[in-house]
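What follows is a set of notes on a single structure, which appears directly below.
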Amino acid sequence: MPGDDKQAGDARRARQFPALRILEAAGIALSPASIVIAALASFLLTISGQFVDLIFRPSVQSTPVSIDADRWGTQIGIVPPFDRTLIAAVARPWSSVLEPVISVLNSGWEWGFSARMSCRFALALAAWSLVGVILCRRSAYLFVGHDDSSVRLAIQYGLKRWPASVGAPLIPLVAAFLMAMSLATVGLVGRFPFVGSTWLTIASPFLGLMGFGMAFLLFATACGWPLMVAAIATDDCDSFGGLSRAYSGLTGRPWQVAAHTVFGLLVGIVLMWIVILIGEMTIWCATSCTALGSGLTQAHDSLFGPLTFLADQTVAGIGISFFWSATAVIYLLLRQEVDGIPLDRIAPDDEARPVRDPLPVVGIPATDARTESNGKVPGIDQ
C-alpha cells in the first residue's frame, strides 16, 4: 500500500537521521494550550522583574534579552532579519536564567546590582523549572503520538515535581559555591607578608584543579539544565536523577547534543521568522483596513498599542513553547541513543498509576470471608 510504504520510509529516515524528528517540535509548539501557558509565564516573569527593579533601584543598567516591541512596524515591507531578536525569542528561558549570572560576572561584583540579578535569577529558575516540566510533558506525549495527558494533569504533575526541577541545577551550583569558598579560604594565606606569594605559587596546581572543577560544573549545568527539566518531566525522577541523566547525555554523546541543539536552534529561528512576519502582516492588515473607516491617526492610536502587546505575547509564547518542545524531543532522542529506551516510554500521570492493594496483616493468613468455622464453604461443600 502507498500509505504503508510512506510510513515505512519515514520510519527508516527517522532511524538514519534522528535529528530530523526535531522538526516535529515546531508543530508541537503551536499547541494553543502550550502557547497560553508559556505566554502567561513570560508576562508574569516580566512583571516580577520590573518589581525587582523598583525594589533595588539599580545603579548599573543592563540590557535584558527580550523581544523589542518597536520592531513591529506598520509597513509590510519590513521583513524580520535573522538577528539576536529571533535567537532571543527561541531561547528565552535559557537566556533569562543565564543573563543574570553573566551580568554579575561582568559588573565587578557590585553588591546592589548583584542582589538584583540574584533575585532575577531565582525568579527565572523557579518560573521556567515549573513551566518547563509542564510543557516538556505535554510535548513528549504529543511527540510519541498518544495524547493521554490533559493540560490539567500536566499542570498537576509539574506542581508536584517543581521542587525536584528546581533542585536539580542547584546541586552542582552549591558544589561550585563550596569550591569557591575553599579557594577563597586558601587565598587568605596570600595576604600574609613574605610567605603569601610563595604559598599561592606552591598551591597553584591545587587551585587550578579546583578552578577546573568549578568551570566544569558551571558549564555542564548551563548546558544541561534544560535536559534536567525534560528528564524529570518524562521519567519522573528526583533531582539527583535528573542531574545524572543530563550529565550522562552530555558526557556520553556530547557531539549529538551539540548537533541536535544547533539543528533545533535553526528550526526555531525559521519558525520565529515566520511567526514574526505573520504578526507584522496582522498588525498592518488590521490597522490599514480599519483606517479606511476611522482614519489613519485614529486607527494607529487605538489599535497599534493593543495589537503590539498581543503580538509580543504570542511571539513570546510560541518561542518558549518551541524551546521546551525541542528540549523534550532532544532528550527523548538522546535517551534512546545512550540508554536504548524507546521513545514512547513516558512516566504515567499520577491519576493513571495503578492503585496497589493493601498488604495483608503480618501473621494472619488470608481467608475467604464465605468460609464457615468448620472450614466448609456454604453452597459448595454440602
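The values are calculated or read from the model by the stated rules, or taken from the named source; none is laboratory data. These figures come from a predicted structure and were not determined experimentally. Cβ: placed from backbone, ideal geometry, glycine included. Neighbour counts: every protein chain shown.
Listed here are the residues, each with its yes/no results for (1) more than 30 Å from SER239 (Cα to Cα); (2) of a type in the set (Lys, Arg); (3) under 40 Å from the mean Cα position of the chain (by Cα).
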| site | (1), (2), (3) |
| --- | --- |
| SER182 | no, no, yes |
| GLY187 | yes, no, yes |
| GLY190 | yes, no, no |
| SER197 | yes, no, no |
| THR201 | yes, no, no |
| PRO205 | yes, no, yes |
| GLY208 | no, no, yes |
| ALA220 | no, no, yes |
| TRP225 | no, no, yes |
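Inclusion of GLY158 among residues that are without any contact (Cβ under 8 Å) to a residue 12 or more places away in the chain, at negative phi and among the small types (Gly, Ala, Ser) is not warranted.
Is it the case that the stretch 63-77 has a residue that's over 30 Å from HIS300 (Cα atoms), of a type in the set (A, V, I, L, M, F, W, C) and either modelled with pLDDT under 85 or out of contact with any Pro (no Cβ under 7 Å at 6 or more places or on another chain) (or both)? Give the derivation first.
Step one: filter the stretch 63-77 for residues over 30 Å from HIS300 (Cα atoms), giving none.
No, the conditions are met nowhere in the stretch 63-77.
Here CYS237 passes the criteria (1) assigned to a helix (DSSP H, G or I); (2) modelled with pLDDT under 90; (3) within 30 Å of ARG161 (Cα to Cα) except the one numbered (1). Between residues in the stretch 279-306 that are surrounded by 16 or more Cβ atoms within 10 Å (Cβ to Cβ) and residues that are at pLDDT below 80 and among the β-branched types (Val, Ile, Thr), which pairs lie under 6 Å by C-beta distance while being six or more apart or on different chains? Hits for this filter: TRP284/THR74; TRP284/ILE76; THR287/THR74. Evaluate the following for PHE113: is it surrounded by 18 or more Cβ atoms within 10 Å (Cβ to Cβ), over 19 Å from the mean Cα position of the chain (by Cα) and modelled with pLDDT under 85? Spelling it out, PHE113 is indeed surrounded by 18 or more Cβ atoms within 10 Å (Cβ to Cβ), over 19 Å from the mean Cα position of the chain (by Cα) and modelled with pLDDT under 85.
Looking only at residues of the stretch 317-338 that are buried (at least 24 other Cβ atoms within 10 Å of the Cβ) and of a type in the set (S, T, N, Q), we find that the one that is farthest from VAL36 (Cα to Cα) is THR327.
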